[in-house]
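> What follows is a single structure, and I will ask about it in a moment.
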Amino acid sequence: MSSHPVTVTINGVEYEREVEARKLLIHFVRDDLDLTGSHIGCDTGNCGACSMIVDGTLVKSCMMLAVQADGATIETVEGLADGDQLSPLQRSFSEHHALQCGYCTPGMLMSATALLRENPSPSEDEIRKALQGNICRCTGYWNIFEAVKAVAK
């Protein structure tokens, strides 16, 4: 199998690894770099559990090869907190009980983070649209929506 050198900066830390050409970004991040906050849900781009921000754009990392991320700056859910201090969005998820099993939470947080960076004052419809690419089987979405709405300016 063919492998390629890949250099990425994830949450401010640079990583250099040899990566199989066919390895997905989610598997590279979780298996090779041991950053397991992002979850593998479907491997088809439908559930959003693997969402990351790559060079400022929200992506489903099960739909991107690790070699495509060479040279990229990547943010994962591990990078949202500042040390032991949760981000305002993470605190809002906790305060609004916007998680149950927590499997979708990393993807929801990354999707909401991308939205709020692009549009700090989204309408309710814009929040719904930003979250629609994420599947949650536990919460019914209302508390997640309310948590994002509470952080929006």
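> I need the full set of residues from segment 63-109 which are outside the structural domain of VAL29 (by TED's automatic domain parsing), surrounded by fewer than 19 Cβ atoms within 10 Å (Cβ to Cβ) and in contact with a His (Cβ under 8 Å, 6 or more places away or on another chain), in order please.
TYR103
> Another question about this same structure. List the residue pairs whose Cβ atoms are under 8 Å apart, where the first residue sits in segment 128-140 and is under 14 Å from GLY102 (Cβ atoms), the second is not in a loop (DSSP other than H, G, I, E, B), and the two are 6 or more positions apart or on different chains.
Here the result reads ASN134/SER51; ASN134/GLY107; ASN134/MET108; ASN134/SER111; CYS136/MET108; CYS136/ILE144, each pair linking segment 128-140 to a residue that is not in a loop (DSSP other than H, G, I, E, B).
> Then there is this: Filter segment 1-28 for residues that are exposed (fewer than 15 other Cβ atoms within 10 Å of the Cβ) and over 17 Å from THR73 (Cα atoms) and give the result.
MET1, SER2, SER3, HIS4, GLU18, ALA21, ARG22
> I'd like the full set of residues that are crowded, with 19+ Cβ neighbours inside 10 Å and either of a type in the set (D, E, K, R) or in contact (Cβ under 8 Å) with a residue 60 or more places away in the chain (or both), limited to segment 29-52.
Correct list: ARG30, SER38, HIS39, GLY41, CYS47, GLY48, ALA49, SER51.
> While we're looking at this one, here's another question. Which ones in segment 103-141 are under 20 Å from SER87 (Cα atoms) and among the hydrophobic types (A, V, I, L, M, F, W, C)?
CYS104, MET108, LEU109, MET110, ALA112, ALA114, LEU115, LEU116, ILE127, ALA130, LEU131
The values are calculated or read from the model by the stated rules, or taken from the named source; none is laboratory data. These numbers come from a predicted model, not from an experiment. No Cβ is skipped: glycine too gets one built from the backbone with ideal geometry, and neighbour counts run over all protein chains shown.
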